[in-house]
Amino acid sequence: MSIQPQIPANLEVLLDVPVNLTVELGSCQMNMREVLQLIVGSVLQLDKLASAPVELFVNRKLIGRGEVVVVEDRFGIKVTEIIGSAILP
């Protein structure tokens, strides 16, 4: 069951505005020589542990964290944390 937050009436007009939701699994730092040597099958070691939560961004603003899950044959994210005032009360 999903709990829907109460949205103030004056914000109703914004609810259909498209935004970009991005999930960051991790990152790494490489020099350009290493980037140019990447080939199909290259493996990059990221800066996060496999068990660490992923970060959820809306238009590049951190709004939460979650866990990677598999839904049928696709990846999904189970939201485990909403960051402070990032979402309406």
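The values are calculated or read from the model by the stated rules, or taken from the named source; none is laboratory data. Model, not experiment: these values are computed from the prediction. Every residue, glycine as well, gets a Cβ built from its backbone with ideal geometry; the counts of neighbours run over all protein chains shown.
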Any hit, region 60-82, residues being in a loop (DSSP other than H, G, I, E, B) and either in contact with a Lys or Arg (Cβ under 8 Å, 6 or more places away or on another chain) or at pLDDT 95 or above (or both): no
Boolean, Glu34 is touching a Phe, Trp or Tyr at 6+ places or on another chain (Cβ under 9 Å) and either of a type in the set (D, E, K, R) or touching a residue at least 12 places away in the same chain (Cβ under 8 Å) (or both): no
Selection from region 54-89 of residues that are surrounded by fewer than 11 Cβ atoms within 10 Å (Cβ to Cβ), touching a residue at least 12 places away in the same chain (Cβ under 8 Å) and hydroxyl-bearing (Ser, Thr, Tyr): none
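Among the hydroxyl-bearing types (Ser, Thr, Tyr), surrounded by fewer than 12 Cβ atoms within 10 Å (Cβ to Cβ), at pLDDT 95 or above and assigned to a loop (DSSP other than H, G, I, E, B): which single residue out of Ser42, Ser27, Ser51 fits that description? Let's see the steps before the verdict.
Values: Ser27 fails: at pLDDT 95 or above; Ser51 fails: at pLDDT 95 or above.
Sole residue among the options that is among the hydroxyl-bearing types (Ser, Thr, Tyr), surrounded by fewer than 12 Cβ atoms within 10 Å (Cβ to Cβ), at pLDDT 95 or above and assigned to a loop (DSSP other than H, G, I, E, B): Ser42.
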